[in-house]
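Accompanying notes for the structure given below.
We did not get these values from a lab; they are worked out from the coordinates using the rules stated. Keep in mind that what you see is a predicted model, and the values were worked out from it rather than measured. Because the Cβ atoms are built from the backbone with ideal geometry, glycine has one as well, and the counts that use them run over all protein chains shown.
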Amino acid sequence: MHSVSISASASASAIASGGARSKAAAGRRPGEIRFCGLRGDALACGSLRASHAAAATRRAVLRAAASANGAAGSGDGFDYDLVIIGAGVGGHGAALHAVEEGLKTAIIEGDVVGGTCVNRGCVPSKALLAVSGRMRELHDEHHMKSLGLQVSSTGYDRQAVADHANNLASKIRSNLTNSMKAMGVDILTGFGKIVGKQKVRYGKVGFPEKEITAKNIIIATGSVPFVPKGIEIDGKTVFTSDHALKLESVPDWIAIVGSGYIGLEFSDVYTALGSEKITPAKDGKPVLIELIDAKTKEHKETLEVDAALIATGRAPFTNGLGLENINVVTQRGFIPVDERMQVTDADGNVVPNLFCIGDANGKLMLAHAASAQGISVVEQISGRDHILNHLSIPAACFTHPEISMVGLTEPQAREKADNEGFEVSVVKTSFKANTKALAENEGDGIAKMIYRPDTGEILGVHILGLHAADLIHEASNAIALGTRLQELKLAVHAHPTLSEVLDELFKAAKVNSGVSHSVNEPVAA
Ligand SMILES: Cc1cc2nc3c(=O)[nH]c(=O)nc-3n(C[C@H](O)[C@H](O)[C@H](O)COP(=O)(O)OP(=O)(O)OC[C@H]3O[C@@H](n4cnc5c(N)ncnc54)[C@H](O)[C@@H]3O)c2cc1C
Ligand SMILES: NC(=O)c1ccc[n+]([C@@H]2O[C@H](COP(=O)([O-])OP(=O)(O)OC[C@H]3O[C@@H](n4cnc5c(N)ncnc54)[C@H](O)[C@@H]3O)[C@@H](O)[C@H]2O)c1
């Protein structure tokens with residue numbers, strides 16, 4: 001099976017048009033508190049004795065109780081300490097941390113809790129990729145034979161695969177909702193709008209709007225698919241990831257326009273489920289794609305396919321937020337923020353008590369980045385200054401094999417080194433040298449680390465191979481915490497594990513002798 005996606009960076013732009021237009025108290029001991037919280041995508045529930053509860057958790061429980069009793073106000077004359085507009089992963093992460101910090105918190109959601117990631121993004125796409133990974137493996141006769149396995153036939157039930165993705169999204173959505181309810185976050189329904197300083201109005205169409213005041217406001221309104229001009233989306237033959245995740249069909253011939261994260265991940269899904277590599281067809285396929293040179297605008301080729309997935313990026317969802325009421329002007333729709341996620345106005349000044357996190361600020365359109373930015377904001381409004389180091393945030397593409405990265409690429413590191421006057425070194429290793437990968441018959445993989453030999457600072461790590469998305473965290477945590485290679489070299493990794501791929505990199509690095517083992521200043525963003 002093959003997959004090709006069309007990329008503007010490969011000097012082509014595409015125009016597509018569709019032809020077929022188409023809590024139980026039971027068993028609780030006296031003084032025991034039951035709690036639920038979301039960590040990652042999973043709802044973690046447990047219990048603790050009040051007398052032993054950590055201070056932060058105790059504050060959260062008290063906040064929940066106060067909220068349940070209808071206690072009003074933030075204590076500063078505002079209705080809330082914090083109001084968050086948008087209950088995606090960014091808003092959710094901020095809300096949970098805020099209640100942990102004892103802040104009276106409300107979250108306003110205009111559609112469904114969970115936003116893009118849970119309902120139309122990370123969660124359903126990873127469910128589909130879990131299926132495509134298994135299909136790919138079962139189809140790989142050579143791989144199976146080398147493990148001594150025989151597979152006589154494989155197949156899949158499209159609707160059952162689609163149900164798996166949909167059911168997972170529903171489950172995670174209710175986990176998110178329940179975790180916020182359990183922690184005492186007020187979930188308000190309707191479209192939110194800023195009507196003045198520290199003032200938000202929200203409501204559903206056809207119902208009277210309500211106005212609330214908040215000491216601090218976080219905008220976390222996310223993004224929607226970006227569709228280039230000239231492309232007509234019908235949701236059946238020309239569609240975006242919003243439609244594709246429902247897996248209503250698996251077209252024989254599909255063109256994926258855009259070879260970013262979504263293009264690559266959907267190539268993986270579709271090819272594993274039987275779609276082909278696009279080639280020009282002349283049998284009256286319903287979708288026409290014109291390949292146009294991005295620079296010269298010269299027409300190169302026309303493709304005819306059954307369907308086209310438009311995966312050409314995402315646009316911020318910031319219309320109708322009332323930003324004009326507070327002198328904020330968006331930049332290509334993104335809300336301008338400083339390094340603390342504080343919104344800046346048209347004159348470049350910080351708007352007090354107003355923050356924007358996640359896809360809507362465009363800094364890094366990843367779920368965990370949105371959540372981390374939200375937590376960083378809550379740290380600040382709780383009185384602890386905090387700047388998130390975006391270079392320590394890992395990213396992963398969940399293809400087979402996976403791709404992951406953190407920090408700088410080699411060209412970026414070399415440019416920085418030239419500007420700042422330091423040396424850069426690079427080490428690489430192969431999964432072929434890793435026992436666990438070989439036991440899995442998955443030796444096709446590489447890892448690369450870019451670092452400073454003078455200080456032992458990691459500048460970037462890039463991994464392509466089995467479980468690369470999980471492996472990257474040792475490097476991202478080292479960057480976040482400022483751990484240097486001279487310390488990491490001495491860390492012990494269990495054998496045989498894939499984590500030894502990282503161990504190889506750390507041990508292969510040559511840090512100048514004389515550099516202390518205890519250098520541990522955090523790396524600047
Ligand atoms: C197909 C796909 C796969 C992805 N896979 C991954 C992945 O594997 N890993 C990863 O890290 N990222 C992934 N992403 C990106 C990730 O989904 C986003 O980065 C993340 O959802 C951004 O979170 P957010 O909270 O900023 O916004 P969103 O998740 O978009 O949430 C914003 C919420 O705000 C609500 N809202 C908007 N305006 C208003 C308003 N005025 N009033 C009230 N509510 C409002 C919306 O209804 C929505 O619920 C994927 C994205 C897509 C499309
Ligand atoms: N695993 C993950 O973390 C994951 C998965 C999916 C999405 N996401 C997030 O969602 C966002 C959106 O994903 P995406 O893949 O749509 O965007 P993207 O920005 O990653 O890639 C879009 C690609 O489309 C190309 N393109 C744009 N216009 C084009 C045109 N007219 N013709 C041909 N190519 C064109 C661009 O050059 C680019 O390569 C990403 O920024 C990413 O942060 C993350």
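Of note:
- Packing-based ranking of 387-397, 108-118, 351-361 yields 351-361, 108-118, 387-397, ordered from highest to lowest mean Cβ neighbour count within 10 Å.
- Counted by neighbouring Cβ atoms within 10 Å, the residues ASP268, ASP306, ASP347 run from fewest to most as ASP347, ASP306, ASP268.
- Using θ = phi - 60° in the Karplus curve 6.51 cos²θ - 1.76 cosθ + 1.60, the 3J(HN,Hα) couplings for the stretch 445-454 round to x, 9, 9, 9, 10, 10, 8, 9, x, 6 Hz; x is entered for Gly and Pro.
- Given charges at beta-carbon only (K, R positive; D, E negative), |dipole| of the stretch 190-277 in Debye: 880
- For the stretch 334-474: rounded, prolate or oblate by the Cα gyration tensor [a/c cutoff 1.5]: prolate
- Gyration tensor (alpha-carbon) shape descriptor, the stretch 234-322, a/c threshold 1.5: oblate
- Judged by the ratio a/c of the largest to the smallest principal axis of the C-alpha gyration tensor, the stretch 296-416 counts as oblate, that ratio being 1.5 or greater while a/b is no larger than b/c.
- Selected from ASN216, ILE262, THR240, residue furthest toward positive end of dipole (the stretch 212-317; charges at beta carbon): ASN216
- Given +1 at the Cβ of Lys and Arg, -1 at the Cβ of Asp and Glu and no other charges, the dipole of the stretch 124-256 around its Cα centre is 860 debye to the nearest 20.
- Dipole magnitude of the stretch 288-329 about its Cα centre (Cβ charges: Lys, Arg +1; Asp, Glu -1), debye to nearest 20: 240
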